[in-house]
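So the structure is just underneath, and the comments pick up after that.
The values are calculated or read from the model by the stated rules, or taken from the named source; none is laboratory data. Nothing here was measured: the structure is a model prediction, and the numbers come from that model. Cβ atoms come from the backbone with ideal geometry, glycine included; neighbour counts cover every protein chain shown.
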Amino acid sequence: MSDKKILIIEKASELFAKNGFDATSIQEITDACGISKGSFYLSFKSKESLLFSIFEYFSTKLIDRIGSIHQMDIGPRERFEQFFVIQFEEIARYSDFILMQMREQTNPINEEMMGIMNDMRRKTYEAQESLLLELYGEDIIEHMTDLIVILGGITKGYIEIIVFNKNSLNYVALAHYIVERIDSIVNGLSTPFLTRQLLVGHGMCGGDFTIKVEELLKDIKLLTKGIADEDLIISLEIIEQELSAPNYRKPVLSGMMSNLKKSELTEEFARKIKLFLDQSV
């Protein structure tokens with residue numbers, strides 16, 4: 001995205017939050033940006049398309065920050081806490097805009113918007129799964145759906161507080177508190193209540209909670225670009241061949257997954273393969 005588009009998005013979101021969407025004119029937006037109307041229309045077809053781009057921009061920023069967590073030189077617990085801190089910070093940063101959206105309901109949910117929402121939701125759930133597995137181990141895999149739902153319930157109330165009063169909470173302390181609560185929940189797990197299929201069937205994850213073959217193939221291409229270890233590359237290539245075949249062989253994927261778990265570079269992807277195999281049981 002160009003610097004000019006980002007400038008327009010940032011300034012427009014401030015004006016929409018302050019004055020409302022309907023009450024803000026394109027002239028006011030261009031004045032705030034120091035550009036002409038012609039320059040505005042070269043970037044956005046209308047005020048409505050700008051509103052859509054604002055949502056897309058905010059979503060991308062959140063996902064990019066969440067995606068950077070695994071590059072942080074900190075432990076699993078601290079990474080899980082950062083996951084919550086990042087969400088709270090981004091929601092607080094744009095809380096005035098979110099409130100405007102809630103008041104005016106100016107953004108109709110069309111197919112394109114639903115696609116962005118589903119993608120953001122899916123990537124957030126994937127990050128949660130990965131961080132939960134990293135912290136608590138593979139024993140929680142059968143409880144993953146319950147944990148995702150419980151986490152959503154725990155954070156929902158705090159997010160509402162942040163939206164309506166963004167300066168009322170210490171996000172670092174809150175993240176630490178939430179992870180401690182998850183510790184207690186994990187320690188008390190017994191028989192799983194929900195299945196992944198039930199979660200998807202009720203549309204609670206936008207119908208796109210499962211890990212897809214295309215997604216794994218894309219991950220493999222990204223991983224092979226940054227790996228020099230020949231054994232890891234061979235394992236990734238074998239997985240790629242299996243997933244590209246009409247019917248992949250689970251024992252082969254499981255064997256290659258075991259190889260990938262031995263390296264920090266591919267450990268997270270190995271967990272993803274594990275989840276992929278479990279969902280197809």
* Would you check which residues across the stretch 231-249 are at pLDDT below 90 and surrounded by 14 or more Cβ atoms within 10 Å (Cβ to Cβ) and list them? => Tyr248
* To do: Only residues that are at pLDDT below 90 and β-branched (Val, Ile, Thr): list them for the stretch 25-59, please.
  => Ile54
* Asked: Do you know which residues across the stretch 105-130 are at pLDDT 70 or above and either in contact with a Lys or Arg (Cβ under 9 Å, 6 or more places away or on another chain) or among the charged types (D, E, K, R) (or both)?
  -> Asp119, Arg121, Arg122, Lys123, Glu126, Glu129, Ser130
* To do: Could you check Asp64 against (1) among the charged types (D, E, K, R); (2) in contact (Cβ under 8 Å) with a residue 12 or more places away in the chain; (3) surrounded by fewer than 16 Cβ atoms within 10 Å (Cβ to Cβ) and say which number it fails?
  => (2)
* Asked: For the stretch 65-101, how many residues are modelled with pLDDT under 90, part of a helix (DSSP H, G or I) and farther than 14 Å from Ser13 by Cα?
  -> 3
* To do: Give me the pairs, please: first residue somewhere in the stretch 214-233 and in contact (Cβ under 8 Å) with a residue 60 or more places away in the chain, second residue anywhere and assigned to a helix (DSSP H, G or I), beta-carbon distance under 6 Å, and either six or more positions apart or on two chains.
  => Leu216/Leu243
* To do: State yes or no: is Leu50 over 24 Å from Glu129 (Cβ atoms) and in contact with a helix residue (DSSP H, G or I) (Cβ under 7 Å, 6 or more places away or on another chain)?
  => yes
* To do: Could you identify the single residue in Ser68, Ser36, Ser95, Ser59 that is small (Gly, Ala, Ser), in the same structural domain as Glu180 (by TED's automatic domain parsing) and over 21 Å from Ile162 (Cα atoms)?
  => Ser68
* Those residues that are surrounded by fewer than 19 Cβ atoms within 10 Å (Cβ to Cβ) and within 18 Å of Leu174 (Cβ to Cβ), I need them from the stretch 67-78; list them, please. => Ile74, Arg77, Glu78
* Structure fact -> For the stretch 168-184, the count of residues that are outside any helix (DSSP H, G or I) and in contact (Cβ under 8 Å) with a residue 24 or more places away in the chain equals 1
* Asked: What do you reckon, is Leu223 modelled with pLDDT of 85 or more and under 16 Å from Leu275 (Cα atoms)?
  -> no
* Within the stretch 24-52, which residues are hydrophobic (A, V, I, L, M, F, W, C) and over 22 Å from Arg93 (Cβ atoms)? -> Ile26, Ile35, Phe40, Leu42
* Asked: Quick one: would you say Glu267 is charged (D, E, K, R), modelled with pLDDT of 85 or more and either touching a Cys at 6+ places or on another chain (Cβ under 9 Å) or surrounded by 14 or more Cβ atoms within 10 Å (Cβ to Cβ) (or both)?
  -> no
